[in-house]
Amino acid sequence: VAEGEAELAEAQENATRTRDLGTKGFVSSYELIQAATAEQTAAARLAAARARLQMEQVRLAQTRITAPDDGVISARIATVGSLAQTGQDLFKLIRSNRMEWRAEVTAAEADRLKPAMPVTVWLPSGAAVKGSVRTVAPTVDPQTRMAIVYVDLPASGTGLTVRPGTFTRGEFQLGHSPALSVPQSAVLLQEGFSYVFRIDDNSRVARVKVTVGRRTQDRIEIIDGLSADSRVVATGAGFLSDGDSVRVVENGSPP
């Protein structure tokens with residue numbers, strides 16, 4: 001490019017001098033045409049040199065590997081001296097330190113999951129990480145009959161170590177609703193029905209038939225048969241009979 005600029009400057013100077021002499025009648029028209037042609041040729045060569053320079057700059061830029069975003073390199077596939085093929089992965093990047101959990105669920109379960117649903121993921125260390133459903137795969141694997149649910153997890157640096165490739169489990173919060181519940185030890189199964197012993201104001205118990213529902217840990221839902229202010233026998237219901245007298249004690253007091 002520098003050589004082309006010098007040649008163009010020289011050709012322009014010669015063309016200007018020739019035109020000045022031509023106005024005074026010292027050069028022929030043929031010499032004027034030759035000077036103009038030399039000037040245009042030098043300009044064309046300079047333009048071609050600049051185009052070649054631009055092409056080489058583009059090729060040089062393609063030799064520099066830049067990441068599309070901040071993050072951590074989790075894998076390096078490229079090796080020094082190897083020839084990279086088109087479409088070949090060179091590095092794997094945890095973009096902006098974001099992580100996701102790919103949960104496998106059945107087709108029936110996938111239909112119940114929606115984006116933005118809250119999720120709790122349990123790490124191998126026992127720590128819980130809160131996330132949310134980003135998307136549910138539109139297809140089901142014909143071999144495993146499972147669908148993939150993509151759950152966004154908080155970025156690294158929050159104090160919890162979430163490592164890629166870890167096998168873990170999680171819970172999807174499909175919804176919540178208020179419910180009346182009692183300890184499972186308070187429910188007595190007799191003759192195929194569920195009963196609890198309710199304590200009246202005279203500290204006597206009455207067997208009450210109830211309808212039970214969902215169970216979670218040591219609690220069982222009472223759908224029908226009790227009111228929210230009812231007092232029931234929490235333990236030892238199998239040793240009582242309808243009408244027995246009991247003594248109510250506070251938690252931590254001797255029986």
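The numbers here are math on the coordinates, done by the rules we state, and not lab data. Bear in mind that the values here come from a model prediction, so they are computed numbers and not experimental data. Using ideal geometry, Cβ is built from the backbone for each residue, glycine included, and neighbour counts are taken over all protein chains shown.
A few remarks follow.
- Placing +1 on the Cβ of every Lys and Arg and -1 on the Cβ of every Asp and Glu, with nothing else charged, gives segment 113-255 a dipole about its Cα centre of roughly 500 debye.
- Size of charge dipole - segment 22-105 - debye, nearest 20, with Cβ of Lys, Arg +1 and Asp, Glu -1, no other charges: 120
- Extreme residue, positive dipole direction of the chain, given options S227, T168, T18 (C-beta unit charges): S227
- Semi-axes of the equivalent ellipsoid of segment 117-243 are 44, 18, 13 Å, computed as sqrt(5λ) over the eigenvalues of the C-alpha gyration tensor in descending order.
- Shape of segment 55-183, Cα gyration tensor, a/c cut at 1.5: prolate
- Reciprocal of mean inverse Cα separation for segment 30-74 (Kirkwood radius, Å): 14.1
- Size of electric dipole in the chain: Cβ of Lys, Arg +1 and of Asp, Glu -1, about Cα centre, debye, nearest 20: 380
- Cross-link partners of K114 among lysines (Cα-Cα below 28 Å; sequence separation of 8 or more within a chain): K130
- FRET efficiency for the pair E31 and Q57, taken as 1/(1 + (r/R0)^6) with r the Cβ-Cβ distance and R0 = 35 Å, rounds to 0.35.
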